[in-house]
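The values are calculated or read from the model by the stated rules, or taken from the named source; none is laboratory data. All values reported here derive from a predicted model rather than from experimental measurement. Note that each Cβ is placed from the backbone with ideal geometry, even for glycine, and that neighbours are counted across all protein chains shown.
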Amino acid sequence: MSVYTKGGDKGETSLLGGLRVSKDSLRVEVYGTLDEATSAMGLGRAACEDDELRGDLHCLQRELIDVMAEVASGFDPDKPRKGKVYRVEPHQVEHLEKLIDAYQEERVPQKGFVTPGGTQAAAALDMARTFVRRGERRLIALGREEEINPVLFKYFNRLSDYLYMAARIDEQRAVVREVTKQMKKAKAEPEEGTMTELCLSDCDRLVEAGIARADAISVPMVLVVVDAAGDLIELRRMKGSLGVSLKLAPHKAYTAAAVRSPTHEIAKLSQPGGPLFGIDSNIPNFTLVGGGLPLERGGRVVGAVGVSGGSVEEDIDVARAMVAAL
């Protein structure tokens with residue numbers, strides 16, 4: 001059978017019940033918009049790296065075939081109905097609500113409006129969400145002209161909520177995957193002949209260099225050295241340093257070791273819309289405050305330092321003095 005039938009060359013199409021309508025009728029607009037949504041969901045599924053999300057999206061895409069079929073069903077009142085009657089049921093709405101609730105429990109709360117584009121998959125799902133919202137508006141308009149299954153209104157509403165949550169969860173899980181990958185990389189077998197462990201004399205030298213710099217700028221500090229996995233090796237507290245620095249300095253060092261980057265650079269990437277947005281909320285002991293720097297030896301990160309007690313600029317200054325002593 002040919003792909004083109006020529007039946008729509010005059011701007012009309014047949015609904016599933018055989019009724020002929022204009023291609024710009026509200027009913028065609030509704031299921032056509034859903035068609036756009038499921039295509040965008042397919043784009044999101046293709047870009048998604050999370051098996052659970054991919055599976056959920058695929059199931060919903062298959063379900064949407066029947067949802068579109070219900071919207072596309074139109075019957076001539078003067079003729080007997082033939083063929084299968086499609087109808088969205090309450091349990092389908094409940095299934096969407098369960099998915100949304102599960103994602104809601106996992107999601108780290110965010111403040112303010114979301115800027116789409118945290119990941120490729122999330123961007124596609126946000127696009128699908130806007131299509132569903134448009135389809136919902138068209139469905140409401142259609143409902144003013146003819147009787148509509150009331151469950152359909154609920155289904156459209158929950159589907160758009162689901163797509164919003166799925167996009168946020170994909171962004172959140174992407175951050176976790178990236179950090180996990182970096183942590184595994186840190187524990188990988190080192191190249192033969194490369195010294196990748198910090199000995200105590202190394203740490204003493206680094207801390208002493210940091211103390212000397214802190215004394216020079218007259219700011220009492222807490223100075224920390226951790227290994228490549230972010231585990232504490234040495235902590236030194238100068239007289240007069242702040243109590244909060246005892247917690248903050250180790251967090252800075254851990255963050256720099258985990259992500260292999262200075263904490264002040266990670267902070268730039270963690271702004272709304274950035275690739276690491278939300279990382280400090282998703283991973284325990286993370287901080288975006290400057291003063292954590294990775295330690296490299298032989299082209300590999302072997303640990304990190306963390307400094308707290310002064311301004312961000314002062315903490316970074318002292319941390320750089322420690323790194324220079326390696």
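Listing for the model above:
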item	result
Yes/no for Ala188 being small (Gly, Ala, Ser) and either modelled with pLDDT of 95 or more or within 30 Å of Asp56 (Cα to Cα) (or both)	no
Unique residue being at pLDDT 95 or above and under 23 Å from Glu178 (Cα atoms) when the list is Gly291, Gly306, Gly299	Gly306
Single residue of the stretch 201-236 satisfying the filter (part of a loop (DSSP other than H, G, I, E, B) and of a type in the set (Val, Ile, Thr)) that is surrounded by the fewest Cβ atoms within 10 Å (Cβ to Cβ)	Ile217
Candidates Val114, Val176, filtered to the one that is among the aliphatic types (A, V, I, L, M) and part of a loop (DSSP other than H, G, I, E, B)	Val114
